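Shown next, in structure tokens, is the structure this report addresses.
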Amino acid sequence: MSSRSARTGGTPLPQSLAADIDGEIAILRLNRAQKRNALDDDMVAGIDAFFGDLPAGVRAVVLCGEGEHFSAGLDLSELKGRDIREGIAHSGRWHRAFEKIQYGRVPVVAVLHGAVVGGGLELAAAAHVRVAERSAYYALPEGSRGIYVGGGGSVRLPRLIGVARMMDMMLTGRTYSAEEGLTMGLTTYLVDAGEGRAQGIALARRIAGNTELTNFAIMQALPRIAEMPPGSGFAMESLISSIAQADPEAKSRLRDFLEKRAPKVTRS
Ligand code: 1HE
């Protein structure tokens, strides 16, 4: 049974965001198509509140955008009167909100189409899986606007595409297509027009079927282990894998396989 509400947990969302809960999946839509889903302060606060207050039964989130574009990035109209102090506070609010996506309670699948630019790309980079329709394109127009990324882009994007590529995108305004994004690490799945949401939901359902402990390990431990010196990483991996396999749910799944009740791994 699907429920649609401006509230998902206890927190009201601004009009520019809309949430649906369908069983174990929550769908958060950027709902400001008239401004190409440009992210203003209310939206960023709403994203923070949404991911910080997911209903207990939700086990994966799909993040997508209404209209012709995923997101045109930062709402540039808010920059006009901001001084340095306010700029730092603003960037910090984006960091906190997007941190709740990347290191939140459940995995997030972003569904991308049209412009995925500036802060919109920073938002997409915080998700764990990115499904891009063929119309999607990636850009960092901050360079030509006289500003700089402020939503964690300098931290997350080099880890996905490398410093040199990000530098080029910012210096020259180069854009990449959804298809090019596949080999670069921006697009995880490439789909045809109109198929993104269904694919995103199907992937979210698959993710929701994993054990909570495994999803926790993948989201929280994997990216941190990747940043550790190898010796610390191996030790952390041993700990995490032993904790995961001791879970009764893991034991039951292994028994299902050994007693021929679980599906085999097949080509998709
Ligand atoms: C906006 C914004 C915005 C559209 N802030 N209002 N981002 C950018 O530099 C991208 C700027 N936007 C664009 O290049 C284009 O709007 C799009 C390619 C995304 C879409 O083009 P189009 O022809 O479909 O729409 P449009 O006619 O340009 O825009 C429709 C309306 O949305 C229009 O307002 P209107 O009142 O005239 O109808 C636009 O002004 C408005 N709009 N994008 C404010 N971004 C944490 S730091 C992150 C730093 C950044 O993200 S920098 C990158 C900013």
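Overview of values
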quantity	calculated
Qualifying residues in segment 169-212 (those that are of a type in the set (D, E, K, R) and outside any helix (DSSP H, G or I)) - the one nearest to Glu133 (Cα to Cα)	Asp192
Filter result for Glu99 (in contact (Cβ under 8 Å) with a residue 24 or more places away in the chain and more than 12 Å from the chain's Cα centre (by Cα))	no
Residues of segment 128-155 that turn out to be buried (at least 22 other Cβ atoms within 10 Å of the Cβ), more than 10 Å from the ligand (Cβ to nearest atom) and within 24 Å of Asn215 (Cα to Cα), as a count	4
Selection count, segment 181-198, where residues are without any contact (Cβ under 8 Å) to a residue 12 or more places away in the chain and open to solvent by 80 Å² or more (accessible area, probe 1.4 Å)	1
Ala204 vs. criteria within 17 Å of the chain's Cα centre (by Cα) and without any contact (Cβ under 8 Å) to a residue 60 or more places away in the chain	no
One residue from Ala164, Ala204 being at pLDDT 95 or above and surrounded by 12 or more Cβ atoms within 10 Å (Cβ to Cβ)	Ala204
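The values are calculated or read from the model by the stated rules, or taken from the named source; none is laboratory data. Here the structure is a predicted model, which is why all the values come from computation and not from measurement. All Cβ positions, glycine included, derive from the backbone under ideal geometry; neighbour counts span all protein chains shown. Side chains are part of the model used for accessible areas, which takes the heavy atoms of the whole protein and leaves out ligands, DNA and RNA. Shrake-Rupley method; radii C 1.70, N 1.55, O 1.52, S 1.80 Å.
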